[in-house]
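Asker: Below you'll find the structure I mean.
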Amino acid sequence: MCYSVGKKYVDIITEFTVEGILIPKALRNIEDKIQNIDEIIHIEEKYYNQKVAMTSYKCIISNQVCYLYYMGNNTWFMDEIFLC
């Protein structure tokens, strides 16, 4: 089995909680359709190159676990996995 993991930039619809926490609610797919995020399982702050902070969201979308990342400046991406 072979696989490749990369990142794919995506449009995310979000909301803030009353505590000020940014929560992704849905994403816009390639066909310009909205896919709801069914559940946020875990939120974690991470650091890239010890300088850039990002927030990792472990989510369930369409019964599949995926990871969304927010890097600030309205920049969101998700892991893109290809299996063969």
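Asker: Taking +1 at the Cβ of each Lys and Arg and -1 at the Cβ of each Asp and Glu, which of Ile34, Thr75, Ile60 sits farthest along the dipole of the chain towards its positive end, judged by Cα position relative to the Cα centre?
Answerer: In the chain, that residue is Thr75.
Asker: With a 1.4 Å probe and every protein chain left in place, work out the accessible area per residue of the chain in Å², rounded to a whole number. Intermediate values should be presented prior to the final figure.
Answerer: Values: 6340 Å² over 84 residues.
Averaged over the residues of the chain, the accessible area is 75 Å².
Asker: Give me, ordered by chain and number, the residues 5 or more places off Ala26 or on other chains with an amide H under 5 Å from its own placed amide H.
Answerer: Here Ile13, Ile37 satisfy the definition.
Asker: Using the crude model of +1 on Lys and Arg Cβ and -1 on Asp and Glu Cβ, and no other charge, please compute the dipole size for the chain relative to its Cα centre, in debye to 20. Show your work: numbers first, answer last.
Answerer: Details: 8 positive and 11 negative charges, 51 e Å.
Dipole of the chain, to the nearest 20 debye: 240 debye.
Asker: Here is a further query. Only one of the listed values, (i) 1.30; (ii) 1.50; (iii) 0.97, was derived from the coordinates as Rg/Rh (Cα atoms, Kirkwood Rh); which label is it?
Answerer: (iii)
Asker: Expressed as a whole percentage, what fraction of the accessible surface of the range 1-75 belongs to carbon and sulfur atoms when a 1.4 Å probe is rolled over the protein heavy atoms?
Answerer: Of all accessible area on the range 1-75, carbon and sulfur atoms account for 47 percent.
The values are calculated or read from the model by the stated rules, or taken from the named source; none is laboratory data. In this text, all values refer to a predicted model and were calculated from it rather than measured experimentally. Here Cβ is always computed from backbone atoms with ideal geometry, including for glycine, and neighbour counts include all displayed protein chains. Keep in mind that these areas ignore ligands, DNA and RNA; they rest on the heavy atoms of the full protein, side chains included. Shrake-Rupley method; radii C 1.70, N 1.55, O 1.52, S 1.80 Å.
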